[in-house]
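The structure under discussion appears below in the form of C-alpha cells.
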Amino acid sequence: MEARLNYFADPTAGKALKHLMSAGRLLKGSALPAATQELVSLRVSQINGCAVCVDMHTKDATAAGETSVRLNLVAAWREATVFSEAERAALELAEEGTRVADAARGVGDEVWARAVKHYDEEQLTALVMLISFMNAANRLNIIARQPAGDYEPGRFH
C-alpha cells in the first residue's frame, strides 16, 4: 500500500507539518503524565481508525514501559480495572472530544467535571490540546491513506 500523498514532498504541506509536529512535541513535555498522553493518543486513534497512529502510540508506549495488558484494554477501558480514575477521566474526555459529531452535543458537563477532579488547569489544557492534535493528525493520515506497521519507537521525538 502506498500513501496517496507525500506531505513532506509538498512545500506548503511540509511547512505546515513542521509547525503541527512542533506542537505535538511541545505537548510531550507538558505537565500531563506521559502514560496518560499515550493512552489518550492511542484511544483517539482507535476511534478514528488511524492505523499509523495506533502503530506509533502502541510502540512508543511499549518502549516507555507501558504494559501490553493496559494497551490491549484501551479500547475497552470502561470494563477494565487496570486504569486509574484519572486515566479513565482522560479517556472519557478523549472519546467525547473525538466523537463530537456523533454525540451532537459536544463534551458533557459530567465528563468535564470528572476530568477537572483529576487534572489541574495546565494539565487540562494539555489534554484538550492533545485530543485536538491527535484528531488532526489522524485525519491527515487517514485521508492520505498512510500505510502503517513500520514505525520505529521514538522516530518523532
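The rows are residues; the columns are (1) at pLDDT 95 or above; (2) crowded, with 16+ Cβ neighbours inside 10 Å.
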residue: N72; (1), (2): yes, no
residue: A75; (1), (2): yes, no
residue: A86; (1), (2): yes, yes
residue: L93; (1), (2): yes, yes
residue: G108; (1), (2): no, no
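Within the range 125-143, being crowded, with 19+ Cβ neighbours inside 10 Å and more than 30 Å from M1 (Cβ to Cβ) holds for A126, L127. Based on this model, can you work out whether E38 counts as in a helix (DSSP H, G or I) and of a type outside the set (A, V, I, L, M, F, W, C)? The answer is yes for E38. Look at the range 105-122: where a residue is more than 19 Å from R78 (Cβ to Cβ) and a partner is of a type in the set (D, E, K, R), sitting 6+ places away or on another chain with Cβ atoms under 8 Å, you get G106/E96.
Take the conditions of a type in the set (G, A, S), surrounded by fewer than 23 Cβ atoms within 10 Å (Cβ to Cβ) and within 13 Å of the chain's Cα centre (by Cα) and apply them to A51. Does it pass? Criteria met by A51.
Scanning the range 1-32 for residues that are in contact (Cβ under 8 Å) with a residue 12 or more places away in the chain and assigned to a loop (DSSP other than H, G, I, E, B), we see that the one that is nearest to the chain's Cα centre (by Cα) is L32.
Counting only helices (runs of 4 or more DSSP H) that sit wholly inside the range 55-157, those with at least 1 residues that are small (G, A, S) and under 16 Å from K28 (Cα atoms) are 85-98, 121-143.
Within the range 24-48, restricting attention to residues that are among the hydrophobic types (A, V, I, L, M, F, W, C) and crowded, with 16+ Cβ neighbours inside 10 Å, which residue is nearest to L91 (Cα to Cα)?
Only one residue fits best here, namely V40.
The values are calculated or read from the model by the stated rules, or taken from the named source; none is laboratory data. Small disclaimer: the values here were computed from a predicted structure and weren't measured. Please note: Cβ atoms are built from the backbone with ideal geometry, for glycine as well, and neighbour counts cover all protein chains shown.
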